[in-house]
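Structure first, commentary second.
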Amino acid sequence: MREFSPDGFSWWDGTTWRPSTEIEVTPQTEFERSGKLAHARGLISKRDNAFAATYAVGIVPDVGLPVVDLLAIYMMVVQWQGFKEYREWTLEQMKVATEELFGPDEPMVSGETTLWPPTGFVPGMRRDFAVAVTSAHVVLYQFAHADSPTMRVVFAAAPSQVRLIEYGGLLKSNLGIVCGGLRWDLVGIKRIFKPWPVIAALRSATAAKIAV
């Protein structure tokens, strides 16, 4: 069990206050043990291979365009399913990690993660920040890279210290997270990314603290 400072950016290790970012957890999940993570990685690999194939067939006259269209559809389908599965893994990671931080009496109520395909000549997957809400804390986690099993705590603040802002565009949805004068933005594909349960959980946690 760790005790966090009122602003959530430091934690007491038993002898001294340390930055919250020094807390790293690598939660073992059933998603990994069951082989689902290997399947999700396989889907992203298929997406990447389809992306590369579009360049190869694009140089063939007459045949190129119809095949590129089919590859693009296939790429979007496997990416959609792959991102859904990565989100499932990440939520499970957060659930286990949050229980490690606060114990079984303060479980994660709701959470969400960035999962977004950055634009460019090479396909990618952005998975950097994820947020979890409990009855007494809002925790922002950060991943070293898109496929990282290790999570670093950015902050673990009281609900009243955090503000969440939902916004979006035509194809994406965003969740702005404001704490301690700083801001982070989670981004995801619409219908996969679900910010409203997180916002509702924060409102409930804040109201409960006020009532007490």
Could you run the Karplus curve 6.51 cos²θ - 1.76 cosθ + 1.60 with θ = phi - 60° over the stretch 5-18 and give me ³J(HN,Hα) per residue in whole Hz, x for Gly and Pro? 5, x, 7, x, 9, 9, 9, 8, 8, x, 10, 7, 7, 10
Leading residue at positive end of dipole, the stretch 3-211 (Cβ point charges), from PHE193, SER45, ALA207: PHE193
Match the structure shown to one of the listed values [x] 37; [y] 28; [z] 31 of percent of Cα pairs over 27 Å apart, computed from it, and give that label. [x]
Among the trypsin sites (Lys or Arg not before Pro) in the stretch 167-212, which ones are in a DSSP loop with at most 10 other Cβ atoms within 10 Å of the Cβ? Mind listing them? ARG191
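Could you order peptides 134-144, 95-105 by the average number of other Cβ atoms within 10 Å of their residues, highest first? It would help to have the intermediate numbers written out before the result.
On the way: 134-144: 20.5, 95-105: 16.6.
In descending order of packing, they fall as 134-144, 95-105.
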Nearest-20 debye value, the chain charge dipole, Cβ charges on Lys, Arg, Asp, Glu: 500
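Which value, in debye to the nearest 20, describes the size of the charge dipole of the stretch 85-128 about its Cα centre when Lys and Arg Cβ atoms bear +1, Asp and Glu Cβ atoms bear -1, and nothing else is charged? If you can, show how the numbers build up before the last one.
Values: 4 positive and 9 negative charges, 72 e Å.
The calculated dipole for the stretch 85-128 is roughly 340 debye.
Can you put THR119, THR90 in order of Cβ neighbours within 10 angstrom, beginning with the fewest?
On the way: THR119 7, THR90 22.
Starting with the residue having the fewest Cβ neighbours, the order is THR119, THR90.
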TYR55 paired with VAL122, simple spin-label distance in nm, labels 7 Å along Cα-to-beta-carbon: 1.0
Positive end of the dipole of the chain, charges at C-beta (+1 Lys, Arg; -1 Asp, Glu), about the Cα centre: which of PHE83, ALA136, VAL154 has its Cα farthest in that direction? PHE83
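Say the cut-off is 19 Å between C-alpha atoms; which of LYS95/LYS194; LYS36/LYS194; LYS46/LYS190; LYS36/LYS95; LYS95/LYS172; LYS95/LYS209 go over it?
Over 19 Å apart, Cα to Cα: LYS36/LYS194; LYS46/LYS190; LYS95/LYS172; LYS95/LYS209.
Can you list which of the DSSP-assigned H helices in the chain have a Cα extent of 30 Å or more along the long axis and an average Kyte-Doolittle score of at least -0.5?
On the way: long enough: 36-58 (33 Å, -0.03); 64-102 (55 Å, 0.19).
The qualifying helices are 36-58, 64-102.
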Per the helix-only calculation at 222 nm, which mean residue ellipticity applies to the chain, given -39500 (n - 2.57) for every DSSP H run of n ≥ 4 and division by its residues, nearest 500 deg cm²/dmol? -13500 deg cm²/dmol
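Rule-based calculations on the coordinates, nothing more; no lab input. A quick note: this is a predicted structure, and the numbers were derived from the prediction, not measured. Cβ coordinates were reconstructed from backbone atoms using ideal geometry, including for glycine residues, and neighbour counts include every protein chain displayed.
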